[in-house]
Amino acid sequence: MSMKRLIIVLFALLGCGALSAQEEIPAAEPAGAETTVPASSADAPTPDRLWDQANTAYINGDFREAAEAYERLLAQGMVSVKLYYNLANACFKLERLPEAILYYRRALRLAPGNDDIRHNLSVAEARTKDNIERIPEFFLTVWMRGIRQTMNCTAWTVLSLVFLACALTLILVFLLARRLSLRKTGFYGTLATTLLFACTTWFAAAERREMLDDTRAVVMPASVAVKSSPDKSATDLFVLHEGTVVRIADRLAEWSEIVLDDGKKGWLESYKIETI
């Protein structure tokens, strides 16, 4: 019986460690979060009024006014999937392509499983001038990423805790049950739920890393020359156009070294890209 107690204690410690680790994962703010922060000054429009004003302007086809109102909400510290998505739609209607792609991608970080955002992003990116072919990835990596992006880190965290609770319950069944069939159910069920707990925990951690990643950026000017070194007089390697997504590999003063999906790299001035 001492061995059983030891196993129970170990699983209890595992549960405590998982709970403390998951507390670090921030939850994406709900779609209505834009109405919860007070206005910055007494005479400024409240977030509620700005939100209604922006939505009304969008419905009436006044996309410029809608975009300005959504941007004022962002300036007040509002962050939500709906806000990024609506602002991206308004920018797309105004043919502000790089901003539309930027806000679609920010919305997608908060809601990676949202098909509407993913579809609109693909439509916007299809209008960019740069046709960059990605380096082929191992099919298993692509498949796992596809599964991971069906939910955000908060949902994966909750699911991992559910599997952990199931695993702890099943180990107790295995240790305490007298019937052989129940003990077998507890043993194999513990193996299965422990594996699922490990997978969902890894998915949650990976989504959290991606949500906090600051190395992806969008090219904002109509065109920009990528240099061989962080110097305005350096050789031009190639030209990128608005809306192209790049990865920042290094930063040096006012310059950023960027890498494209096809492996090309070079330097450009940091103000010409906007971090996602």
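Using the average count of surrounding beta-carbon atoms within 10 Å as a protection proxy, the listed peptides 140-149, 210-219 rank, highest first, as 210-219, 140-149. Taking 7 Å steps out from each Cα toward its Cβ at residue 213 and residue 176 produces label points 4.4 nm apart. Taking amide H atoms as placed 1.01 Å from N in the peptide plane, the amide H of residue 255 lies under 5 Å from those of 270, each 5 or more residues away in sequence or on another chain.
Give me the distance between the Cα centres of segment 134-203 and segment 222-257, rounded to whole Å. Each part's Cα centre sits 43 Å from the other's.
Taken along the Cα-to-beta-carbon direction at a fixed 7 Å, the label points for residue 138 and residue 236 span 4.0 nm. Which whole-Hz couplings ³J(HN,Hα) result when phi for each residue of segment 119-130 is put into the Karplus expression 6.51 cos²θ - 1.76 cosθ + 1.60, θ = phi - 60°, listed in order with x for Gly and Pro? Here the 3J(HN,Hα) series is 5, 5, 5, 5, 5, 5, 5, 5, 8, 6, 7, 7 Hz. Couplings 3J(HN,Hα) of segment 87-93, computed from phi: 5, 4, 4, 5, 5, 5, 5 Hz, in residue order, whole Hz [Karplus 6.51 cos²θ - 1.76 cosθ + 1.60, θ = phi - 60°; x for Gly and Pro].
Across segment 80-175, Cα-Cα pairs more than 22 Å apart make up 48 percent of the total.
Residues whose amide H comes within less than 5 Å of that of residue 237, counting only those at least five positions distant or on another chain, are 226, 227, 228 (H built at 1.01 Å from N in the peptide plane). If R0 is 51 Å, the Cβ-Cβ spacing of residue 46 and residue 165 corresponds to a FRET efficiency of close to 0.75. Summarised in one figure, the compactness ratio Rg/Rh of segment 146-262, Cα atoms and Kirkwood Rh, is 1.34. Are there GluC sites (Glu not before Pro) in segment 71-134 that DSSP marks as loop and that have at most 13 other Cβ atoms within 10 Å, and which are they? Qualifying residues, ordered by number: 95, 133. Scalar couplings 3J(HN,Hα) for segment 141-153, obtained by applying the Karplus form with A = 6.51, B = -1.76, C = 1.60 to θ = phi - 60°, are 5, 5, 5, 5, 5, x, 5, 4, 7, 6, 9, 8, 5 Hz; x denotes Gly and Pro.
A simple spin-label model places the labels of residue 119 and residue 150 1.9 nm from each other, with each point 7 Å out along Cα-to-Cβ. Positive end of the dipole of segment 54-166 (Cβ unit charges, origin at the Cα centre): among 155, 97, 54, the Cα lying farthest that way belongs to 155. Calculated FRET efficiency, residue 192 to residue 55, Cβ-Cβ distance, R0 = 51 Å: about 0.65 to the nearest 0.05. Checking the a/c ratio against 1.5 first, then a/b against b/c, what shape does the Cα gyration tensor give for segment 208-276? Because a/c hits 1.5 or more and a/b exceeds b/c, segment 208-276 counts as prolate. Across segment 46-204, the mean sequence separation of Cα contacts (distance under 8 Å, 6 or more residues apart), normalised by length, yields a relative contact order of 15 percent.
Read-outs throughout are calculated quantities, based only on the coordinates presented, and are distinct from any laboratory measurement. Quantities reported herein were computed from a predicted structural model and do not represent experimental measurements. All Cβ positions, even for glycine, are placed from backbone atoms using ideal geometry, and neighbour counts span all protein chains on display.
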